[in-house]
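Here is the structure we will look at.
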Amino acid sequence: MKLADRVNKIQPSPTLAIDAKAKALKAQGVDIVGFGAGEPDFDTPANIKEAAKKAIDAGFTKYTPVGGTDELKDAIIAKLQRDNGLSYERGEISVACGAKHTLYNISQALIQEGDEVIIPAPYWVSYPDQVVLAGGKPVFIETDQASGFKITPQQLEAVITPNTKALLLNSPCNPTGSAYSVEELQALGQVCLKHDFYIISDDIYEKLVYDGLKFTNIATAVPELKPRVVVVNGVSKAYSMTGWRIGYAAGPKTLMDAITKMQSQSTSNPTSIAQKAAVEALNGPQDAVAAMVVEFEKRRTYIVDRLNAIPGVTCFRSTGAFYAFPDFSSIYGKSFEGKVISNSTDFAAYLLEHAKVALVPGIAFGADKYARLSYATSMDNIKKGLDRIEEAVLNLK
Ligand SMILES: Cc1ncc(COP(=O)(O)O)c(C=O)c1O
């Protein structure tokens, strides 16, 4: 079959693929410790599930407006005001089937042939492929552990061209767990002010921050930028609602109208029942989020300390999301039973085969020295997995 060329320009999501492989092995009875998950291991809070059940019983099961109900838009507007000090009207909000779908709609409505999109690396796997699908060119800024995986104003300035259409910011970041301070955002914002491009701020991990860090959006840090900032967020990570598929964008009305138009010819509205659940997530009690953050922070400290204690491994102390992103590169070149580990893909394959541990090779995020471990799994699993990784590293000659 001759498929459209665009299909061959992109890769299937590598993180979802690793998770699926680990789950398949588990289903066959293999005792795998999975560090691949990109979703909280907690249940969706009861009040949210109750709101969805009520929606079904009340017959709220039909089409809604394409870009979300007014009720949900109002809950999002209230959240953006309360948490971020940002004011929006209903016409400046559009709801989609997850933050990934929101980002896809934005790239389709904003990016075209010749447009460049600046993406700090390591990056979330879908950013470059979504840009490429829209005909744009990803322009990467490399960061590393030493710089806390953050771009500097100088690095940003150096890659801006007349073709720059947008900068993609993701703080806290998947895969590094790095998060920008208000001062750092102000410094980057000063560079953005001198030029004319959009800033797509993916805030999906906003609620998951540690060590007392306060999340800030760049439009909050530099209010003059707000007309050019597109805030992307959703309920997946903060409320353990990955399966419900609700994400949203807040930004210029022209863009919101455009992404809603794109959506009217693809999915139509996000699920009516999930929209009701999202209203409860945003307007209801927030204690489940706070409890999740306490648990994640404990796990973060444990996993980072354990990784740093493995000879040859160094791990950045992340301040957000639920990922550790250790540097394993000093063991590249070593071998096991004659087979050399040359890169993150070899290392991940070695761990899966010989240690029964699944993690995501850093190459998936554009950073081959590293690998990503999600700590959205129980402390017992984390301990067991770290014991296995430690032993596997020590077994390399
Ligand atoms: C950085 C980042 N943005 C967006 C998403 C997508 O979230 P959603 O489940 O709302 O589509 C993810 C999920 O892994 C993510 O890590």
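The values are calculated or read from the model by the stated rules, or taken from the named source; none is laboratory data. Since we're looking at a predicted model, the values are computed, not measured. Cβ placement follows ideal geometry from the backbone for every residue including glycine, while neighbour counts extend to all protein chains displayed.
Computed quantities for the displayed model
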read-out	value
Selection within the stretch 81-104 - within 16 Å of the ligand (Cβ to nearest atom) and assigned to a helix (DSSP H, G or I)	99, 100, 101, 102, 103, 104
Test result for residue 142, more than 16 Å from the ligand (Cβ to nearest atom), under 19 Å from the mean Cα position of the chain (by Cα) and surrounded by fewer than 16 Cβ atoms within 10 Å (Cβ to Cβ)	yes
Filter result (more than 16 Å from the ligand (Cβ to nearest atom) and assigned to a loop (DSSP other than H, G, I, E, B)) within the stretch 203-244	210, 211, 212, 213, 214, 216, 222
Verdict on residue 229 being closer than 18 Å to residue 100 by Cα and free of Cβ contacts under 8 Å to residues at least 40 places away in the same chain	yes
Pairs with Cβ under 8 Å, 6+ apart, first in the stretch 164-183 and free of Cβ contacts under 8 Å to residues at least 40 places away in the same chain, second near the ligand (Cβ under 10 Å from one of its atoms)	180/171
Residue ID - surrounded by the most Cβ atoms within 10 Å (Cβ to Cβ), chosen from residues in the stretch 113-134 that are of a type in the set (Val, Ile, Thr) and touching a residue at least 40 places away in the same chain (Cβ under 8 Å)	117
Hits in the stretch 367-393 - residues which are under 27 Å from residue 127 (Cα atoms) and either surrounded by fewer than 20 Cβ atoms within 10 Å (Cβ to Cβ) or assigned by TED's automatic domain parsing to the domain that holds residue 170 (or both)	368, 369
Test result for residue 277, at pLDDT 95 or above, within 18 Å of residue 208 (Cβ to Cβ) and either surrounded by 15 or more Cβ atoms within 10 Å (Cβ to Cβ) or of a type in the set (A, V, I, L, M, F, W, C) (or both)	no
Residues located in the stretch 197-221, provided they are acidic (Asp, Glu) and under 13 Å from the mean Cα position of the chain (by Cα)	202, 203, 206
Test: residue in the stretch 46-65 that is part of a helix (DSSP H, G or I), more than 28 Å from residue 286 (Cβ to Cβ) and within 16 Å of the ligand (Cβ to nearest atom)	no
